[in-house]
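This report concerns only the one structure given below.
The values are calculated or read from the model by the stated rules, or taken from the named source; none is laboratory data. What you see is a predicted model; the values in this text were computed from it and never measured. Cβ placement follows ideal geometry from the backbone for every residue including glycine, while neighbour counts extend to all protein chains displayed. Side chains are part of the model used for accessible areas, which takes the heavy atoms of the whole protein and leaves out ligands, DNA and RNA. Shrake-Rupley method; radii C 1.70, N 1.55, O 1.52, S 1.80 Å.
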Amino acid sequence: MPTDRPVAPELAPRQVEALLEVTRALLRRPAAEGTLGFVLAQAVAVVPGAEAGSVVVRGEDGRFRFVAAVGFDLEALREVSFDEADILPDVAPDGRAQVIREPDRRNAEVLSPERYRTLREAGDTASIKATVAVPVVLDGAIVATFRLDSKSDPDAFDAVACRAAEAFADQIALVLGRLRQGARAADEAAEYRDLYRTARRQAQELELLGRLRQALARGRELDEVLRLTVEATAQALQVVMVSAYLREGEELRLRHAVGYAEAPAVLPVGTGVIGRVAATGAPALVPDVARDEGFLAPREPVLSEVAVPIVADGEVLGVLNAESGERHFGEEDLRLLSAIRDQVGVAVQRARLLEAVRASERRFRLLAENARDLVCLHEPDGRYTYVSPSSRAIVGWAPEELVGRSPFEYIDPADHELVRTAILEPLRAHESVDPVTVRFRTRDGRTVWLESSVQPVVDDAGELVAAVTASRDVTERKGFEERLLRSALYDDLSGLPNRTLLLDRLDHAIERYRRDARHRYAVLFLDLDRFKLVNDSLGHVVGDVLLTAIAGRLRDVVRVGDTVARLGGDEFCVLLEDLEVQEEAERTAARLQEAMARPFLVRGRELFTTMSVGVAHARPAYATSADVLRDADIAMYRSKTSGTGRHAVFDVAMHDQAVARLELETELRQALGRGEVRPAFQPVVRLADGVVVGFEALARWHHPTRGVLGPEVFVPLAEESALIVELDRAVAVAACRAMARWRAGGRRWTVSVNVSAHHFTVADVVASTEAALAGSDLEPSALRLEITESVLMAHPEQASLALERLRERGTLVQVDDFGTGYSSLAYLQRLPIDALKLDRSFVAAISGPTTDEGVRTGGGREAAREIVATVVQLARNLRIDVVAEGIENDEQVAFLADLGCAYGQGFRYADALDEEAVLPWADAHDSAAAPA
């Protein structure tokens, strides 16, 4: 959403390229914890001032721990953990990057002594001079913090570094989101594998039990039944020593055995493991026979034994026993042996045998039919032979509608080749099959994404006889992945490509032009004129609707193959490719501006806007997309200097001028730090007698090589870069100190200083004024703040509150350049204003020429005199003083004095004076002004 905050600083080309590389890497490979280290390393490498960094992630227990670090010992840092209260001081209230100076002191205040000592020893935090910290938020909660550290410079991180850190923190959020999703997917995959292994084991057991059931059904003699049982047990457990005993009174007699050189023919009930099972009717699992005191050792070496009772109608008929000299039996072996035993008992009572087999079959079917996933059996060619009832809920098809049909009838044709290469070919080659995600047509015509895992079923010869698939609907997950990709490359509000995608496409266009200059391209940088007025007057919701409508109109104007992108706020960009002639770009810019000239209907209201356009044509000198975008931006700002709704084409001279302005801005920033910007003082006199009553402090830059520079050279630049706040404060402090010294010497003068709109907030202007007064011991009544009409009208509520507080403290306020604005005069009654400063343009016209044309048009000297007289009378009625600026001659002095204008300043008395020249000039002037 566009805001009235300053536009975020541009990232450097290295930072943009690093972010693009991170995005490409995340799209190419699955997320892993090591990916966090990769993103961190990229950030440390390209963010200005960064020498080290770390990523601290919230674990399942709610505590935060280091998972990635550059410039620190990560293994040592893993011993340190934080709770949320420890992390919160690093989180800015608006969720943006926060620069922390002296982070070691902050750690000492927040952490317990033990954890602080551990952190300091592990991370050498005492060496860190500055940190930029960014919270990482997922699903509305802080899940991590991303930190970059400087070990050498406490002022290492500026706005560009913060902006870059936020961009890399967004990549950390993407990685953590994918790690979360991957963890869930891994858990689900493990669940699937267990299900598939269980299904396969159940299928094998079912097949074995089925064969045994058929064999037992054909058996006529009990010995035959027991022989089949023993042999099946040996096969199922893959052991060689299996025996079956039947109970006769208090004895157990061996009826059949395999694998023994000589098995006991008779065993008393209660003796050994077999006798204990017969006596208790409970199965026995002896993983280690050496630990069982009742074990009867045969001639063959035995490690483990498992035995189950053969039961019918609640009566123990005998015992089925297995022993192994090679492995230790487990619960699965006991369960399988019990399943076999069930059929032996029912061999005596065939009805129970059949019921036991059916129960076993039902258990297997219950597993498939109650699964949340779609479980299917397939022929080797893929046709369905069994479909679980969950098909109705997942794809809408009933099981009977799918059985006998091929999945290819329902899978999206675009995924057919994937199924053949990723599933069918590996199955036929007896290779493992990884889960595959395909689009599947539902009964109501929708398309869902199914993620399917495949398990082959082979016969004894190893031939593929069937396949088991388990499929899960992952449509929601796929949608999330697509939204994730889209959010990384497209603007959420307008749906247009964002800066990342634009730069990528522009890089491709540059490369094509390098290979063949016939592939001309051009970039149009678009900035809406006065769009902030829409947000301030109608609100951000209306502003967002207007931006969306503008995006749609831009798309309608350009060609199909061109790219319209939103860079942020009210800035857009158009990439034109394959231009026949360069003039096509200018014609497109004109069409775009014509389209913007038509009104937009937003919520029943007609809104008008214009657009400034900068055009940058393809040039062999361009190496990166950032270079082209920079020059288009420069051209756009040049178009704004010519008025609204204009466009300009970049040329090299524009770049040279921009570089010169940047160099001048850098010099000004340094000059403020070195104290080169100091006030000069223009006298303010009482017009009635010419006596000095005060001075206006005017900024002068004492440049080391260019001499003294006037405000017209550097103040506009300071306004653009927000250095004006620091400049105003520096001038105010120096002026107050000078005036305090003069008043201490007996002078009763006042000093007026200018206040820029950039820091005209209640807290700022009041605090700055109090700081200037406190640093000089100057009485508040000796200080006058000069504020322009535009500031008062742009911030009426803030202005009223601030001026009231200043009035309470005794500081006076006067309106500068009065009469040049177009605002209502009602504020003169509402606001606590002490004086008006009549603009120099009206004062100059007082003694200007009078012509017939001037009289007819209302201009010239007479009109100016009428205006000045009106202003003076208005001020007198409101009991407000008037100070006339720009007085240059005696005629102007006489006219103003006759009107009752109290004070004036200008070249008639003196230009702005250096501080050292004020007292000598004032003494000479007052002596001359005194009556003879």
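Annotations
- Flag if V545 is surrounded by fewer than 16 Cβ atoms within 10 Å (Cβ to Cβ) and hydrophobic (A, V, I, L, M, F, W, C): no
- For region 107-158, the set of residues classified as within 16 Å of the chain's Cα centre (by Cα), closer than 15 Å to F64 by Cα and crowded, with 17+ Cβ neighbours inside 10 Å consists of A133, V134, P135, V136, I142, V143, A144, T145, F146, R147, listed by residue number.
- Which numbered condition E17 misses (of (1) at pLDDT below 75; (2) open to solvent by 50 Å² or more (accessible area, probe 1.4 Å); (3) within 30 Å of H540 (Cα to Cα)): (3)
- Qualifying residue in region 317-325 (condition: at pLDDT 85 or above, open to solvent by less than 40 Å² (accessible area, probe 1.4 Å), under 26 Å from A265 (Cβ atoms) and of a type in the set (S, T, Y)): yes
- Matching residues in region 638-657 - criterion: being surrounded by fewer than 18 Cβ atoms within 10 Å (Cβ to Cβ) and either at negative phi or modelled with pLDDT of 85 or more (or both): K640, T641, S642, T644, D651, V652, A653, H655, D656, Q657
- Hits in region 565-578 - residues which are open to solvent by 10 Å² or more (accessible area, probe 1.4 Å) and either over 20 Å from L493 (Cβ atoms) or of a type in the set (A, V, I, L, M, F, W, C) (or both): L567, E577, D578
- Set L538, L506, L528: member being within 25 Å of L174 (Cβ to Cβ) and of a type in the set (A, V, I, L, M, F, W, C): L506
- Qualifying residue in region 250-259 (condition: over 60 Å from the mean Cα position of the chain (by Cα), modelled with pLDDT of 90 or more, within 13 Å of R341 (Cα to Cα) and not aliphatic (A, V, I, L, M)): no
- Single match in V375, V344, V357 (criterion: open to solvent by less than 60 Å² (accessible area, probe 1.4 Å) and at pLDDT 85 or above): V375
- Which listed residue, of R477, R483, is at pLDDT below 90, out of contact with any helix residue (DSSP H, G or I) (no Cβ under 9 Å at 6 or more places or on another chain), closer than 28 Å to P413 by Cβ and open to solvent by 30 Å² or more (accessible area, probe 1.4 Å): R483
- Test: residue in region 876-890 that is at pLDDT 90 or above, acidic (D, E) and out of contact with any Leu (no Cβ under 8 Å at 6 or more places or on another chain): yes
- Top-ranked residue of region 486-500 - restricted to ones that are of a type in the set (A, V, I, L, M) and at pLDDT below 90, ranked as farthest from V375 (Cα to Cα): L493
- Looking across E719, E712, one residue alone is surrounded by fewer than 21 Cβ atoms within 10 Å (Cβ to Cβ), touching a residue at least 24 places away in the same chain (Cβ under 8 Å) and in a helix (DSSP H, G or I). It is E719.
- Region 415-463, subset in a loop (DSSP other than H, G, I, E, B), open to solvent by 40 Å² or more (accessible area, probe 1.4 Å) and aliphatic (A, V, I, L, M), residue farthest from D373 (Cα to Cα): A461
- Qualifying positions in region 464-478 - outside any strand (DSSP E or B) and touching a residue at least 12 places away in the same chain (Cβ under 8 Å): V474, T475, R477, K478
- Residue match in region 621-631 (condition: over 35 Å from the mean Cα position of the chain (by Cα), over 28 Å from G552 (Cβ atoms) and loosely packed, with under 12 Cβ neighbours inside 10 Å): no
- Contact map, region 729-757: first residue within 18 Å of V685 (Cα to Cα), second residue part of a helix (DSSP H, G or I) and among the small types (G, A, S), Cβ cut-off under 7 Å, separation 6 or more or different chains; pairs are M739/A782; R743/A782; T750/A782; V751/A735; V751/A782; V753/A732; V753/A735.
Listed here are the residues, each with its yes/no results for (1) at pLDDT 85 or above; (2) exposed (fewer than 15 other Cβ atoms within 10 Å of the Cβ); (3) assigned to a helix (DSSP H, G or I).
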position	(1), (2), (3)
R865	yes, no, yes
C901	yes, no, no
F907	yes, yes, no
A910	yes, no, no
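- Test result for V308, in a loop (DSSP other than H, G, I, E, B), buried (at least 16 other Cβ atoms within 10 Å of the Cβ) and modelled with pLDDT of 85 or more: no
- Counting the residues of region 516-575 that are assigned to a strand (DSSP E or B) and either of a type outside the set (V, I, T) or modelled with pLDDT under 85 (or both) gives 16.
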